[in-house]
Amino acid sequence: MCEWIDAAASMGWVEDHELASSDTHKVQYCVSVGIRVYEDKDQLILAGTYGHNTSTGMNESNNRIAIPKGWIKQRKVLYDVRPNRAGTPSP
């Protein structure tokens, strides 16, 4: 589980004094739950689906999100699982 703050974007002319009271310009608090498929000093990549392709022998992922490390507020490992070569989870 990863709790993080996302950037906000908007279009259109807005006077400066309106920015403080407008919810459309506030960063968004997010919670993502997924399988950690990659991590380095700059980013954490989570996938919604992860498996072992028995045809290619390679592990694959789908539905990924890359979260910049500087945006992450808190992380928690809920369950550490990776498919083994047979394609079944191995804790």
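Worth a mention:
- Cβ-based exposure ranking for CYS30, CYS2, in which fewest neighbours within 10 Å come first: CYS30, CYS2
- Principal axis extents of the C-alpha atoms in the chain (largest first, rounded to whole Å): 59, 26, 21.
- Evaluating 6.51 cos²θ - 1.76 cosθ + 1.60 at θ = phi - 60° for every residue in the stretch 36-52, the Karplus couplings come out as 6, 9, 7, 7, 9, 5, 9, 8, 10, 10, 10, 10, x, 9, 8, x, 10 Hz, glycine and proline recorded as x.
- Residues whose amide H comes within less than 5 Å of that of LEU44, counting only those at least five positions distant or on another chain, are ILE67, LYS69 (H built at 1.01 Å from N in the peptide plane).
- Eligible lysines near LYS41 by straight Cα distance, threshold 16 Å, same-chain separation 8 or greater: LYS69, LYS73
- Residue of SER21, SER61, SER32 that the Gaussian network model of the chain assigns the largest fluctuation, springs spanning Cα pairs under 10 Å: SER21
- Per-residue Cβ neighbour counts within 10 Å put HIS52, HIS25, HIS17 in the sequence HIS17, HIS25, HIS52, beginning with the fewest.
- Relative exposure of VAL77, VAL14, judged by other C-beta atoms within 10 Å (fewest first): VAL77, VAL14
Every read-out reported here was derived from the displayed coordinates using simple, explicitly stated rules and does not represent laboratory data. What you are looking at is a predicted structure, and each value in this text was computed from that prediction instead of being measured. Backbone-built Cβ (ideal geometry, glycine too); neighbour counts: all protein chains shown.
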